[in-house]
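What follows is a short report on a single structure.
The values are calculated or read from the model by the stated rules, or taken from the named source; none is laboratory data. Keep in mind it's a predicted model, so treat the numbers as computed, not measured. Backbone-built Cβ (ideal geometry, glycine too); neighbour counts: all protein chains shown. Calculation scope for accessible area: heavy atoms of the full protein, side chains included, ligands and nucleic acids excluded. Shrake-Rupley method; radii C 1.70, N 1.55, O 1.52, S 1.80 Å.
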Amino acid sequence: MIKTVWPYLAVMLLAAGIFPALERRTGWKVFAILPPIVLVYLSVTALAVLGLWQVNVEIQAAQKLLIAQLIPALLFLLMVNCDLRAIFALGPRVLAVFFSTTVSLFIAFVVTYLLFRNVLPAATGWQPLAAVSGSWVGGTANMVAVKQAIGMSDDALALGLLMDALCYSMWFVVLFSAARLAPAFNRWTRAESSANLVVAPTRQTGPTAAENVLLWLGLALLAAAGASWLAALLPTSDMFGTTTWTILIATVAGLVVAHTPLARFPGASPISGALLIGVVAVMASQSNFQGIATAPLYLLCGISIIALHALLLVLAAKLFRFDLYLCGIASMAHIGGVAATPILAASYAPALVPVGILLALLGYILGTGFGLLMATVLSSLAPI
């Protein structure tokens, strides 16, 4: 049994790296259903249940410190890749599709919670849905940020990750298969195809050098420390505590740096990816499988949310004359994130790949705020 911090950290790093490495080297089909980040969470949780490390004061202090500092550092690095000028240059039509998708998801989450709230845990049943809503506008990093801000348990995070991964996988197949319906759909909505949309190229960076890794890690940790210090000076409330302020300040700091010459230095993206999966591993090390029996309920919730979202987005497409390609890309930019959206966009039309990337980055910017808004709404609807 591990009793000290350094062997514990070694296990976390190995667990965080093994599944991404296997995905890259083997291409096993299991990763299309359960992404590496979900397998990392489940495997580390299993090791925690088996008692591989002792839950003593030293290891608990390390876990708390890592979570508190790495989440704002992670969000800072993610935002560095977001060029707001390029996003707004997409034009009103593309942004209208994006925000119609956001509104449809908001309504779908609220309606689904009202349908299922009497069979979900009364006090905390809304929390996994709020966390997943952050991911289904942004990405897993936004889910983790919302989880931390609302004080959700690590066990509930497992439910959110499973719901996210399984529902996203099913929805990706649906959207991928829908491409052949585009001509008929566009005739029904009286929309022009977006296949020939002209988009400015996304920002390119070179290979990551060792000095850039040190630079970005130092800046990210400095931003996290500065955000924590500033957050402690700001007023708090029941739903807007110091942790929430820290997350929002780090996000804004990253957006500011994204529009400075520093953003041209490569390395922020791969480092943020590594930090994300490392943070998830540390969170999993604090959890167990308690409450996993409610997983089927949350899977039903996820299916309900996506079905309602699809229906509302189709109605918006009819009303505002959106074409199928933009609707599919906007939906995947929310639910699938920056990794899946360019793949879907490329299957529709190569010209739409930059659109997919930019919309997914816009989702990263909005995801945490959306999740916190959803937490406020759903908690107010919780049964007393």
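Check which residues have an amide H placed less than 5 Å from Trp53's amide H, if you skip close sequence neighbours.
Hits under the 5 Å cutoff: Ile2.
Skip the ligands, DNA and RNA, and give the accessible area per residue of the stretch 332-377 with a 1.4 Å probe, whole Å².
Here the per-residue accessible area is 24 Å².
Looking at Gly218, Ala316, Gly302, which one has the Cα that reaches farthest to the positive end of the dipole of the chain (charges on Cβ: Lys, Arg +1; Asp, Glu -1)?
The one lying farthest along the dipole's positive direction is Ala316.
Can you give the longest stretch of the chain with no exposed loop site, where a site means trypsin sites (Lys or Arg not before Pro) in a DSSP loop (not H, G, I, E or B) with at most 10 other C-beta atoms within 10 Å?
Looking at the chain, 191-384 is the longest stretch - no exposed trypsin sites (Lys or Arg not before Pro) with at most 10 other Cβ atoms within 10 Å.
Roll a 1.4 angstrom probe over the protein heavy atoms and tell me the percent of accessible area of the stretch 86-224 that is carbon or sulfur.
67 percent
Can you give the angle from 0 to 90° between the axis of helix 268-284 and the longest principal axis of the chain, with both taken from C-alpha atoms, to the nearest 10?
In the chain, helix 268-284 runs at an angle near 60 degrees to the longest axis.
Which loop chymotrypsin sites (Phe, Trp or Tyr not before Pro) in the stretch 25-83, with loop taken from DSSP, have no more than 11 other Cβ atoms within 10 angstrom of their Cβ?
Trp28
Taking R0 as 45 Å, what's the FRET efficiency between Ile107 and Ala232 from their Cβ-Cβ distance, rounded to 0.05?
Rounded to the nearest 0.05, the efficiency is 0.80.
Put +1 on the Cβ of every Lys and Arg and -1 on every Asp and Glu Cβ in the chain; which of Leu181, Ser347, Leu366 then has its Cα farthest towards the positive end of the dipole?
It is Leu181.
How big is the accessible area of Met12 in square angstrom, nearest 10, if you roll a 1.4 angstrom probe over the protein chains?
10 Å²
What is the magnitude of the charge dipole of the chain about its Cα centre, with +1 placed on the Cβ of each Lys and Arg, -1 on the Cβ of each Asp and Glu, and no other charges, expressed in debye to the nearest 20?
Here the size comes out at about 720 debye.
Could you work out how much longer the chain between Phe88 and Ser380 gets when fully extended? Use 0.36 nm per residue separation minus the Cα distance between them, nm to one decimal.
101.8 nm
Treating only the Cα positions of the chain as identical point scatterers, give the base-10 log of I(q)/I(0) from the Debye formula at each q in 0.11 Å⁻¹.
For the requested q values the scattering log ratios are -0.77.
Test of understanding: what is the full-extension gain from Glu192 to Ser347, defined as 0.36 nm times their sequence separation minus their Cα-Cα distance?
Additional length available on full extension: 54.0 nm.
Have a look at Gly17, Gly356, Gly302 and tell me which one the Gaussian network model of the chain (Cα, springs below 10 Å) gives the largest fluctuation.
Gly17
Using Cα atoms only, what is the angle between the long axis of helix 154-177 and the major principal axis of the chain, expressed in degrees (0 to 90) to the nearest 10?
The two axes meet at around 20 degrees.
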